[in-house]
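K.L.:
Sharing a structure below in structure tokens format, with a few things to ask.
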Amino acid sequence: MAGLDDKELPKIPEEDVEALQAALGTGNLIEAAVKVKKTLDMADKITLDIAVTGESGSGKSSFVKAIWGLGDRDEGAAATGVIETTMEPTAYPHPRYPNVRVWDLPGIDTPTFKPDTYLKQVKFSHYDFFIIISCNRFTCHDISLAQEIQRQGKKFYFVRSKVDQDLANEKQLYDERGILKQSSASTKRPRQYSESAILDDIRENCIKGLEKGGVASPRVFLVSRWDLGKYDFPTLQETLVDELPSHKRLALLRSLSHVSKETVEKKKKQLQTQIWLKSLASCGVTAIPLPGLSITCDVVMLVTTLKGFCRDFGLDEKSLTALARRDNKPIAELKAVIQSPLSEAITQDLVIKVLTKCVAGAIQYSTTFLKFIPVLGSVVAAAVSLPTTYFMLQSFLDDVAADALRVLEVVMEGAVSNPEKNSRSP
């Protein structure tokens, strides 16, 4: 495992300093650890409800699958069809984080769901934010819905779906050299095919239509129906994360599929904020001395934490299997670039072995811990156990984040070398 830079002393986030000091106020490590564990458990149970809405046939159900990285046949995938398949708000919990749900809402302006009663019918207050999808121009109903959502104090995001189909249709007007066919010549089309120009045109037309309808400074995200690494989907992910309240951010980050380096880095940074609290919790709850070590910690909890890191970065067996199936890759090819222990290999024996290696590296940080939390000085064992568990968790988090980036590179290399691998019939 990678170690912490010798020149870089660990820093406790300000909010965690307050939590740690409050928990350790009595000097009772076990009592403090119990309080911290309850705080962590509550954070893991935070719910997030995302509403996906738009007219029927706009690609809502495909987007629901896409945001979780699911295929049509995967368990939990939303139904798709050329007619309206969603007759009532339908929740699709994340396969591994069921407290995070995407709601596929019925299309607006259908016989059952009229614009003037739509928000009331779909229980507006239930959702944290809305994604309004269209595969063509955004309609007056989409605009009215966005304005009402804004009036009621919630965020919404416009998504223009199926742009890969638009590009395919446009490309048919050009020959194999990318030159506009004379028989289809149009003064509005450039003579040379340009994907970026077509996308800019789609985005500009959407924005102009929304502004004409009265939406101030609209943002429109262009997404493909199948390849999430393309176009604006990574930017949409980052925007959703950045604009969520801080206490809900981790819930969303854990659930998002990895389609960009930025998403992986944001996930790592958010998980990093919990390491101090997890270290304290492991040092006090049912603390047991490790053979040959002068530290105590809850090994079972550390096993669960390391397995959780693997799951958070999609390095567990279920996640890797789904990714391999989605991208038509042998799972062995993905596993070959993973250097940290796989989730299934993480045992109590492995944790004890890793902790043993981390003790020497962590001792130099003991005085730093005591400086931040003076009351800890009365807990002799914690002076070593807390920095040791922190050192191990930080190192493991660094390693699994690096592995997630390596897996992403393998997937992206495959997409570049075989751009048709994800092509499917609409």
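K.L.:
Based on DSSP, what percent of beta bridges with both residues in the stretch 48-255 are antiparallel, to the nearest 5?
P.N.:
25
K.L.:
Next question. Give, as a single signed number, the net charge of other residues whose beta carbon lies under 11 Å from the beta carbon of residue 401, with Lys and Arg counted +1 and Asp and Glu -1.
P.N.:
Summing Lys/Arg as +1 and Asp/Glu as -1 gives +1.
K.L.:
Amide H to amide H under 5 Å from residue 174: which residues, 5+ apart in sequence or cross-chain, H placed 1.01 Å off N in plane?
P.N.:
181
K.L.:
Explain nothing, just compute: Karplus ³J(HN,Hα) = 6.51 cos²θ - 1.76 cosθ + 1.60, θ = phi - 60°, for every residue of the stretch 241-258 in order, whole Hz, x for Gly and Pro.
P.N.:
5, 5, 9, 7, x, 4, 6, 9, 5, 5, 4, 5, 4, 4, 7, 6, 6, 8
K.L.:
Among 191, 219, 254, which comes first, then next, by fewest other beta-carbon atoms within 10 Å?
P.N.:
Fewest-to-most Cβ neighbours within 10 Å comes out as 191, 219, 254.
K.L.:
Sort 353, 155, 65 so that the residue with the fewest other Cβ atoms within 10 Å of its own Cβ comes first and the one with the most comes last. Before the final figure, lay out each step's value.
P.N.:
Numbers: 353 11, 155 14, 65 23.
Listed from fewest to most nearby Cβ atoms, that is 353, 155, 65.
K.L.:
Considering amide H positions built from the backbone, and no H for Pro or chain starts, which residues 5 or more places from residue 297, or on another chain, come under 5 Å of its amide H?
P.N.:
Amide H neighbours of residue 297: 288, 290.
K.L.:
Through the Karplus equation 6.51 cos²θ - 1.76 cosθ + 1.60, θ set to phi - 60°, convert the phi angles of the stretch 268-276 into ³J(HN,Hα) values in whole Hz; use x for Gly and Pro.
P.N.:
Computed from phi, the couplings for the stretch 268-276 are 4, 4, 5, 5, 4, 5, 8, 4, 4 Hz.
K.L.:
Less than 9 Å Cβ to Cβ from residue 48, Lys/Arg counted +1 and Asp/Glu -1: what total charge do the surrounding residues give?
P.N.:
Computed value for this residue: 0.
K.L.:
Binned at 10 Å from 0, what are the whole-percent values of the Cα-Cα distance distribution for the stretch 203-275, short to long?
P.N.:
18, 39, 29, 13, 2
K.L.:
Taking amide H positions as placed in the peptide plane 1.01 Å from N, state which residues far from residue 131 in sequence (5 or more) or on other chains have amide H under 5 Å from it.
P.N.:
51, 52, 53, 157
K.L.:
Please arrange 305, 273, 388, 263 by how many other C-beta atoms lie within 10 Å of their C-beta, fewest to most.
P.N.:
By the 10 Å Cβ count, ascending, the order reads 273, 263, 305, 388.
Coordinate-derived values only; no laboratory data. Just so it is clear, the structure is predicted and the values come from calculations on it, not from any experiment. When we count neighbours, we look across all protein chains shown, and the Cβ atoms used for this are built from the backbone with ideal geometry, even at glycine.
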